[in-house]
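Enquirer: What follows is a structure written as structure tokens; I'll ask about it next.
The values are calculated or read from the model by the stated rules, or taken from the named source; none is laboratory data. Every value quoted in this text rests on a predicted model; they were computed, and no experiment measured them. All Cβ positions, even for glycine, are placed from backbone atoms using ideal geometry, and neighbour counts span all protein chains on display. Each accessible area value is taken on the protein alone, full model and side chains, heavy atoms only, with ligands, DNA and RNA left out. Shrake-Rupley method; radii C 1.70, N 1.55, O 1.52, S 1.80 Å.
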Amino acid sequence: MSVMQKPETIERHTMAVLVDNESGVLARIIGLFSGRGYNIESLTVAEVDHNEHLSRITIVTTGSPMVIEQIKALLSKIVPVHKVVDITVAGPSVERELALIKVRSTGEKRVEALRLNEAFRGRIMDTTLESFVFELTGDPGKIDAFVELMRPLGLVDVARTGVAAIARGPEGM
Amino acid sequence: MSQTMTGAEIVLKALKDQGVEVIFGYPGGAVLPIYDEIFKQNAIQHVLVRHEQGAAHAAEGYARSTGKPGVLLVTSGPGATNAVTGLQDALMDSIPIICISGQVGSFLIGTDAFQEADTVGITRPCTKHNWLVKDANDLAKAMHQAFQVATTGRPGPVLVDIPKNVQMSPGVYVPARESRRKSYNPQTRGDLSDIKKAVELIERAERPIFYTGGGVINSGPNATRLLREFARATGFPVTSTLMGLGAYPASDKQWLGMLGMHGSYEANLAMHGCDVMINIGARFDDRITGRLDAFSPGSKKIHIDIDPSSINKTVRADVGIVGDCAVALEDMLRIWKSGGSKSQKNAVKDWWRQIESWRAVDCFRYAPSETTIKPQYALQRLQAAIEKKDFYITTEVGQHQMWAAQFLKFEEPNRWMTSGGLGTMGYGVPAAVGVQMAHPKSLVIDVAGEASFLMTMQEMSTAVQYRLPIKIFILNNERLGMVRQWQQLLHGERYSSSYSEALPDFVKLAEAFGCKGVRAEKPEELDGAIAEMLAYDGPVIFDCLVERHENCFPMIPSGKAHNEMLLGEADTEGAIDAAGAMLV
């Protein structure tokens, strides 16, 4: 099969991108995805080396294997990009996300929300007599599950950071 | 040794240190300090264009014809936005140009100031990289990096946006060698094990073809020399994209002509039927491949490209080699020679026999006329008149462009300047200005359509001002010919807005500009008129009135495969279906 046209399987990949932390760098990354019609499921960014002004961006994207290969090649071409690693294919990795979840309820529902939060090993960051703000970390699936459980218990707001990912083992990216 | 100077002085010093001799530009409020520095020196010549789009195309013409980067200088706001078409054109065709744009003072950015535009925002997707320099101390570095990024790896356009106060502020100058960017290191040498695999495929090939592109020309004269050597060593047929014309000599017997939508029958059928395709510096553009799932179905594909994102983008390569064409060709040839490699002589001989039978179809034939000038005939007569001369051709976009690619013969690279990827009508006149600036003694001809010419004809004024004897050879069919052709074939002959009801008198127009005007209406007038055009030492507008309804053949209809080519009018009935119409 030398030509891409038949529908291909859609894969989900997490990429780590090391970039110079300069004006416009995020726009270049996002512009690449929007300009070519690729998906961004989540994107996180923060400076990780203050001396060298390097930021690490973690992007979760979906696409056919050919599109994933394109995304990696196109990201690598961006001038302020130092390195791109496809965490999904590079080996075992840890993917974590942090969420802040606000729930407003009283009585049995409030007790149930609190109980579930303990079961998910969440922390309570804020409370009033009628509400909680829970802090949860974990893989995105765990947070999805918790959010679904909170929905009938008075879910008000969810803030999620998106995925941060890193390879397991001693090696750097 | 670092020196302190104003931002505007830094710009000029950086340009000089980069070896720039000519810049194309248009002044305005936000670049006045740079223009003041230009006034004070003589090393760099400034060419005043008549519209910033012209500056960008002139810089492209200069770059394509010399292999050196082209430079343009524009003001903020409309100056920068007018240059956008040229930047995107250069991005699509991988042409190294450096656009320096003025910006409103940094303290005014974000206030909707007069002639303010978010230039780096607007040009981010149409440049390889761009810079907004907010501190004069960062300016020299940005200028040198701009040249590094534009000219290395896959070449392309870059833009440096400089607020007016930065142009006037003192800053430290740093030389190019201290300005290199750590994160930018394009790969130029292809993986040797892949190159060995490619050589093995080439050795076993029975129906091979070299499919070459603009990358060979961008790579420089070495790539051209090595391509010719490798083609000769193997005896394989060679075809090329529109962008690659001239890398392989048109007079050579291994040359099959251009391939693609309006390429030669033999080139396209050879692509369709080959067993090993050697793609050197081409990118499987949709005008080349036609219907992707029927594109060269039985071949192993070797793809050499300096841009890793070109490989496996639309067509899966069996051997992908990321690297500069010249370096990869050198490695291939070395391995070929040292291993005593030989091509499959007998099989390749059979393959040639097949190709010759396709060639015998004579796909560029057309019905001659004694009463009207056929556009193909006009180009044949032009070719006959210039073939012994040192000539450069630019084109506009449309039917005339395809006919020029079919009927003009290029023996050397960098002689053919055309807007391939973006298809920019209006490219040819300013590009000719840029080419003539670089080659003042050579013959520079813009093969044009009357509609394209009207898009940037104000640059004739530039040509007159700088005594650039460019020749505009207009194949005037009073139609938007390619649009009309598609409307005839696809839209039930409903010619919606493809007829210019009002056209200027091009001879009078030439005279108004201070050029010479020449007109040919009958076939018998043609040779004399062409001779008159060539003899005139100054810019000429040649109004060649041609057959109005001539269609450009052969043609691979949209949505069809290479072996479904139409050779002429007789083949066109119901040739394109609705799905194909969407792909036009």
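Enquirer: Determine the dipole magnitude for chain A: charges of +1 sit on the beta-carbon of Lys and Arg, -1 on that of Asp and Glu, nothing else is charged, the reference point is the Cα centre, and the result goes in debye to the nearest 20.
Expert: Numbers: 20 positive and 23 negative charges, 57 e Å.
It comes to approximately 280 debye.
Enquirer: Whenever you get a sec, line up B:Glu52, B:Glu203, B:Glu521 from highest to lowest accessible area (probe 1.4 Å, protein heavy atoms). Could you put the intermediate results ahead of the total?
Expert: Numbers: B:Glu52 20, B:Glu203 60, B:Glu521 95 Å².
So the residues, ranked largest to smallest area, are B:Glu521, B:Glu203, B:Glu52.
Enquirer: Within chain A, what's the longest stretch lacking GluC sites (Glu not before Pro) that sit in DSSP loops with no more than 15 other Cβ atoms inside 10 Å?
Expert: With GluC sites (Glu not before Pro) excluded where exposed in loops, chain A gives A:53-129 as its longest stretch.
Enquirer: Test of understanding: in a Gaussian network model of chain A with alpha carbons linked when under 10 Å, which of A:Ser23, A:Ser64, A:Ser93 would top the mean-square fluctuation ranking?
Expert: A:Ser23
Enquirer: In the stretch B:466-504, which trypsin sites (Lys or Arg not before Pro) are in a loop and have at most 14 other Cβ atoms within 10 Å, using DSSP for the loop call?
Expert: Working: sites: B:Arg467, B:Lys471, B:Arg479, B:Arg484, B:Arg494; in loops: B:Arg467, B:Arg494.
Filter output for the stretch B:466-504: B:Arg467, B:Arg494.
Enquirer: On to the next question. Please state the relative contact order of chain B as a whole percent: Cα pairs under 8 Å, 6+ residues apart?
Expert: Relative contact order for chain B comes out at 14 percent.
Enquirer: Place a +1 charge on the Cβ of each Lys and Arg in the protein assembly as shown and a -1 charge on the Cβ of each Asp and Glu, then give the dipole magnitude about the Cα centre in debye, rounded to the nearest 20.
Expert: Dipole about the Cα centre, nearest 20: 1540 debye.
Enquirer: Next up: Ratio of Rg to Rh for the protein assembly as shown, alpha carbon only, Kirkwood? The partial results should precede the final answer.
Expert: Working: Rg = 29.1 Å, Rh = 28.5 Å.
That ratio is 1.02, to two decimals.
Enquirer: Taking each pair of different alpha-carbon atoms in the stretch B:126-227 once, compute 1/r for the pair, average those values, and report the inverse of that mean as the Kirkwood hydrodynamic radius in Å to one decimal.
Expert: About 16.9 Å, per the Kirkwood formula over Cα pairs.
Enquirer: Still on this structure: Please average, across the residues of A:22-28, the number of beta carbons from any other chain that are within 10 Å of each residue's own beta carbon, and give a whole number. Could the numbers behind the result be given before it?
Expert: On the way: counts 1, 4, 7, 0, 0, 4, 4.
For this peptide, the per-residue mean of nearby foreign Cβ atoms is 3.
Enquirer: Separate question: Which whole-number percentage describes the relative contact order of the stretch B:3-178, with Cα contacts under 8 Å and a sequence gap of 6 or more?
Expert: Numbers: 403 pairs, mean separation 50.2, N = 176.
Across the stretch B:3-178, relative contact order equals 29 percent.
Enquirer: Counting other Cβ atoms within 10 Å, keep those with at most 10, restrict to DSSP loop, and tell me which GluC sites (Glu not before Pro) in the stretch B:354-412 are left.
Expert: Values: sites: B:Glu356, B:Glu370, B:Glu387, B:Glu396, B:Glu411; in loops: B:Glu370, B:Glu387, B:Glu396, B:Glu411.
Answer in residue order: B:Glu370.
Enquirer: While we're here: Out of all DSSP beta bridges with both ends in the protein assembly as shown, state the antiparallel percent to the nearest 5.
Expert: 45
Enquirer: Put +1 on the Cβ of every Lys and Arg and -1 on every Asp and Glu Cβ in the stretch B:338-378; which of B:Ser341, B:Cys363, B:Trp351 then has its Cα farthest towards the positive end of the dipole?
Expert: Checking the options against the dipole of the stretch B:338-378, the answer is B:Ser341.
Enquirer: Which value, in square angstrom to the nearest 100, describes the accessible area buried between chains B and A on both sides, using a 1.4 angstrom probe?
Expert: Buried area between the two chains comes out at roughly 2000 Å².
Enquirer: Enter the Cα centre distance for the pair the stretch B:155-224 and the stretch B:337-391, rounded to the nearest angstrom.
Expert: Cα centres, the stretch B:155-224 to the stretch B:337-391: 32 Å.
Enquirer: Next question, about the same structure. Which loop-located trypsin sites (Lys or Arg not before Pro) does the stretch A:65-173 contain, where loop means any DSSP state but H, G, I, E or B and the Cβ has at most 12 other Cβ atoms within 10 Å? Working shown, then result.
Expert: Details: sites: A:Lys72, A:Lys77, A:Lys83, A:Arg96, A:Lys102, A:Arg104, A:Lys109, A:Arg110, A:Arg115, A:Arg121, A:Arg123, A:Lys142, A:Arg160, A:Arg168; in loops: A:Arg121, A:Arg168.
Taking the stretch A:65-173 and a limit of 12 other Cβ atoms within 10 Å, the loop trypsin sites (Lys or Arg not before Pro) found are A:Arg121, A:Arg168.
Enquirer: Stokes-Einstein D for the stretch B:311-419 at 25 °C, 0.890 mPa s, Kirkwood Rh over Cα pairs, in µm²/s?
Expert: Estimated via Stokes-Einstein, D reaches 133 µm²/s.
Enquirer: OK, next. How much area per residue is accessible in the stretch B:156-314 when the probe is 1.4 Å and only protein heavy atoms are counted (Å²)?
Expert: 33
Enquirer: Give the lysines reachable from B:Lys389 as a straight Cα distance under 26 Å; neighbours fewer than 8 places away on the same chain don't count.
Expert: Counting by Cα, and skipping residues close in sequence, B:Lys389 has these lysines nearby: B:Lys68, B:Lys253, B:Lys374, B:Lys409, B:Lys441, B:Lys471, B:Lys516, B:Lys522.
Enquirer: With all protein chains present, calculate the accessible area of A:Leu153 using a 1.4 Å probe and round the result to the nearest 10 Å².
Expert: In the full protein context, A:Leu153 sits at about 20 Å².
Enquirer: May I ask for the equivalent-ellipsoid semi-axes of the stretch A:1-123, computed as the square root of five times each C-alpha gyration tensor eigenvalue and listed largest first in whole Å?
Expert: After scaling each eigenvalue by five and taking roots: 34, 22, 13 Å.
Enquirer: For the stretch B:192-359, place one equal point scatterer on every Cα, skip the solvent, and apply the Debye formula. What is log10 of I(q)/I(0) at q = 0.18 Å⁻¹?
Expert: Result of the Debye calculation: -1.11.
Enquirer: Sort the following peptides by mean Cβ neighbour count (other Cβ atoms within 10 Å, averaged over residues), highest first: B:231-237, B:277-283, B:153-159.
Expert: In decreasing order of mean packing, B:231-237, B:277-283, B:153-159 become B:277-283, B:153-159, B:231-237.
Enquirer: Viscosity 1.002 mPa s, temperature 20 °C: Stokes-Einstein D of the stretch B:448-547 from its Kirkwood Cα radius, in µm² per second?
Expert: For these conditions, the coefficient is 149 µm²/s.
Enquirer: Considering only protein heavy atoms, what is the solvent-accessible area of B:Arg180 at a probe of 1.4 Å, reported in Å² to the nearest 10?
Expert: 150
Enquirer: Beyond 26 Å, what share of the Cα-Cα pairs of the stretch B:375-552 remains, rounded to the nearest whole percent?
Expert: 22
Enquirer: Just by accessible area at a 1.4 angstrom probe, what is the order of B:Tyr466, B:Tyr248 from largest to smallest?
Expert: Ranked list, largest accessible area first: B:Tyr466, B:Tyr248.
Enquirer: Taking the Cα centre of the stretch B:3-178 as origin, sum charge times position over the Cβ atoms of Lys and Arg (+1) and Asp and Glu (-1), and report the length of that vector in debye to the nearest 20.
Expert: Roughly 360 debye, rounded to the nearest 20.
Enquirer: OK, next. Mind checking which lysines have their C-alpha under 28 Å from A:Lys102, skipping anything on the same chain fewer than 8 residues away?
Expert: Result set, ordered by chain and number: A:Lys142.
Enquirer: Where the Cα atoms of the stretch A:93-167 are projected onto their three principal axes, how long is each span, largest first, in whole Å?
Expert: Answer, in whole Å and largest first: 44, 17, 16 Å.
Enquirer: Moving on. So what J values fall out for the stretch B:143-155 if you push phi through Karplus, 6.51 cos²θ - 1.76 cosθ + 1.60 with θ = phi - 60°, rounded to Hz, Gly and Pro as x?
Expert: For the stretch B:143-155, the Karplus curve yields 4, 5, 4, 4, 5, 4, 5, 5, 9, 10, x, 6, x Hz.
Enquirer: Also, quick follow-up: How large is the translational diffusion coefficient of chain B in µm² per second when you combine the Kirkwood radius over alpha carbon pairs with Stokes-Einstein at 25 °C and 0.890 mPa s?
Expert: Estimated via Stokes-Einstein, D reaches 99 µm²/s.
Enquirer: Also: With only alpha-carbon atoms in the gyration tensor, what are the semi-axes of the equivalent ellipsoid for the stretch B:3-178, in Å, largest first?
Expert: 21, 19, 15
Enquirer: Here's a follow-up. Given R₀ = 35 Å, what would the calculated FRET efficiency be for B:Leu192 paired with B:Arg232, taking r from the Cβ atoms and rounding to 0.05? Intermediate results must be reported in sequence, preceding the final value.
Expert: On the way: r = 23 Å, r/R0 = 0.67.
My answer for the efficiency is 0.90.
Enquirer: Give the residues of the stretch B:242-270 whose amide nitrogen is closer than 13 Å to a point set 7 Å from the Cα of B:Glu206 in the direction of its Cβ.
Expert: none
Enquirer: Right, next: To one decimal place, what Kirkwood hydrodynamic radius in Å is obtained for the stretch B:47-108 from all pairs of distinct Cα atoms?
Expert: Over the stretch B:47-108, the inverse of the mean reciprocal pair distance is 11.7 Å.
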